[in-house]
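The next block holds one structure in the form of structure tokens; read it before the comments.
None of the figures in this text is laboratory data; all of them are computed from the coordinates on show. Remember, it's a predicted structure, so these values are computed and weren't measured experimentally. A quick note on method: Cβ atoms are made from the backbone with ideal geometry, for glycine too, and the neighbour counts reach across all protein chains shown.
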Amino acid sequence: MMTTRTTEIWVGLFVAGGLAALFMLAMRVSNLSAYSGDNGFDVTAVYEDASGLKVRSPVTMAGVTIGRVTQIRFDPLWDVLLKDGKVIKQLKTPATADVKTTPKDNNIENLTRRYVAVVTLHIQGQYDKQIPDSSDANVYTAGLLGEKYIGILPGAVTQCGEDEELSAALEGKPEPAIPSTKNCNATHFLTQGSLIRKTQGTLVLEKLIAQFIDKFSSSK
């Protein structure tokens with residue numbers, strides 16, 4: 001009787017362990033456990049084609065996962081106001097009515113894109129103001145038939161005065177003691193609300209084949 005009771009306990013523990021392992025595997029595969037409490041920041045990227053991209057898809061840089069996709073939506077008219085590279089207002093159509101009420105500011109820009117996928121990326125907080133806003137955000141495939149993910153390629157990093165130092169070196173003049181901020185080309189970095197301008201959407205094989213056939217047919 002005691003042996004039967006011990007066997008039942010061991011079987012119960014084995015089943016419970018198996019269920020826990022399956023649960024952890026499911027969480028791992030679905031990426032539901034990643035960055036649940038992270039105090040990161042959100043940036044936006046716009047794609048003409050986001051096929052295969054899903055919510056919770058990884059966002060990587062140099063092969064390291066630094067964030068996740070949190071939202072994907074289709075917008076027939078993505079009309080927004082940008083200030084210093086950040087999305088500050090979603091405009092309603094017609095956009096001109098909203099733009100007229102906007103204060104005149106050289107740093108404010110109206111950006112309109114039609115029939116696009118608007119993707120929100122949540123980046124871990126430790127990378128705030130670390131990634132240049134001139135970086136590329138391209139959609140890639142992990143392996144031949146793997147999941148889609150967004151890979152960020154860092155843009156160039158420049159500081160105020162670098163152009164002046166280069167010009168002085170080329171002309172044989174002494175370097176300026178104090179860099180001028182009049183024509184400062186210092187790098188801006190991604191932070192909350194930033195827009196990644198350089199993007200490459202999903203490369204769909206069927207579309208590439210169709211374009212090749214159209215080009216081949218038109219050349220005859």
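Okay, here's what the table says:
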read-out	value
Net length gained if the chain between residue 56 and residue 126 were fully extended (0.36 nm per residue, minus Cα distance)	23.3 nm
Residue order, fewest to most beta carbons within 10 Å, for 188, 122	188, 122
Spacing of the two label points (7 Å from each Cα toward its C-beta) at residue 142 and residue 23, in nm	2.3 nm
Sequence-distant residues sharing a close amide H with residue 60 (under 5 Å, placed H)	66, 150, 151, 152
In order through segment 44-57: 3J(HN,Hα) via Karplus (6.51 cos²θ - 1.76 cosθ + 1.60), integer Hz, x for Gly, Pro	10, 9, 10, 10, 6, 8, 10, 4, x, 6, 10, 4, 6, 5
Amide H contacts under 5 Å for residue 110, placed H, 5+ residues apart	82
Cross-link pairs 83/129; 54/129; 86/198; 54/148 - those with Cα-Cα distance over 18 Å	54/129
Estimated FRET transfer efficiency when R0 is 22 angstrom, pair residue 71-residue 208 (beta carbons, to 0.05)	0.20
Theoretical FRET efficiency, 1/(1+(r/R0)^6), r = Cβ-Cβ of residue 42 and residue 84, R0 22 Å, to 0.05	0.85
Sequence-distant residues sharing a close amide H with residue 130 (under 5 Å, placed H)	190
Karplus-derived 3J(HN,Hα), 6.51/-1.76/1.60, for each residue of segment 148-158, Hz, glycine and proline x	7, 8, 9, x, 9, 9, x, x, 6, 10, 10
